[in-house]
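The values are calculated or read from the model by the stated rules, or taken from the named source; none is laboratory data. Given the structure is predicted, the values throughout are model-derived calculations rather than measurements. Because the Cβ atoms are built from the backbone with ideal geometry, glycine has one as well, and the counts that use them run over all protein chains shown. Areas reflect the complete protein model, heavy atoms only, side chains present, ligands, DNA and RNA absent. Shrake-Rupley method; radii C 1.70, N 1.55, O 1.52, S 1.80 Å.
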Amino acid sequence: TGEVPLEEEKLRKFFEKYDKNGDRKLSKEKLNEAFNYPGAYIPRWKAWRDLQVADTNGDGFIAQDEMNKLVTYAL
């Protein structure tokens, strides 16, 4: 039906709240901040790995069109 599962939507909103400057992109620093919540296991590596997987155009950012890949990988 094209509906997005609730877990995916929650995770997408979680990542999007770290886009504090509103450029609709997530940098490595923003991802690191997202993964640096209390109790996170190896947050810098997770941020680096997610960027490697989801940054399909290689510009160093996860743009809106790459967000699905980030969410899928993070799940």
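Computed values, structure above
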quantity: In segment 2-16, residue farthest from Ala74 (Cα to Cα) [restricted to those that are among the hydrophobic types (A, V, I, L, M, F, W, C) and assigned to a helix (DSSP H, G or I)]; calculated: Leu6
quantity: Number of positions in segment 38-47 that are in a loop (DSSP other than H, G, I, E, B) and either closer than 17 Å to Arg12 by Cα or open to solvent by 30 Å² or more (accessible area, probe 1.4 Å) (or both); calculated: 4
quantity: Among (1) in contact with a helix residue (DSSP H, G or I) (Cβ under 7 Å, 6 or more places away or on another chain); (2) at pLDDT below 85; (3) open to solvent by 100 Å² or more (accessible area, probe 1.4 Å) - the single one Phe35 does not satisfy; calculated: (3)
quantity: Hits in segment 48-75 (condition: farther than 21 Å from Glu9 by Cβ, assigned to a helix (DSSP H, G or I) and either of a type in the set (S, T, N, Q) or open to solvent by less than 30 Å² (accessible area, probe 1.4 Å) (or both)); calculated: Leu51, Gln52
quantity: Contacts under 8 angstrom Cβ, first residue in segment 1-29 being at pLDDT 90 or above, partner part of a strand (DSSP E or B) and open to solvent by 60 Å² or more (accessible area, probe 1.4 Å), 6 or more apart; calculated: Asp19/Lys25; Lys25/Phe61; Leu26/Phe61; Ser27/Phe61
quantity: Yes/no for Lys10 being in contact with a Leu (Cβ under 8 Å, 6 or more places away or on another chain), open to solvent by 60 Å² or more (accessible area, probe 1.4 Å), over 11 Å from Leu70 (Cβ atoms) and not acidic (Asp, Glu); calculated: no
quantity: Subset tally (residues that are within 10 Å of Ile62 (Cβ to Cβ) and touching a Lys or Arg at 6+ places or on another chain (Cβ under 7 Å)) for segment 7-39; calculated: 1
quantity: Per-region count, segment 17-32, residues assigned to a helix (DSSP H, G or I) and surrounded by 15 or more Cβ atoms within 10 Å (Cβ to Cβ); calculated: 4
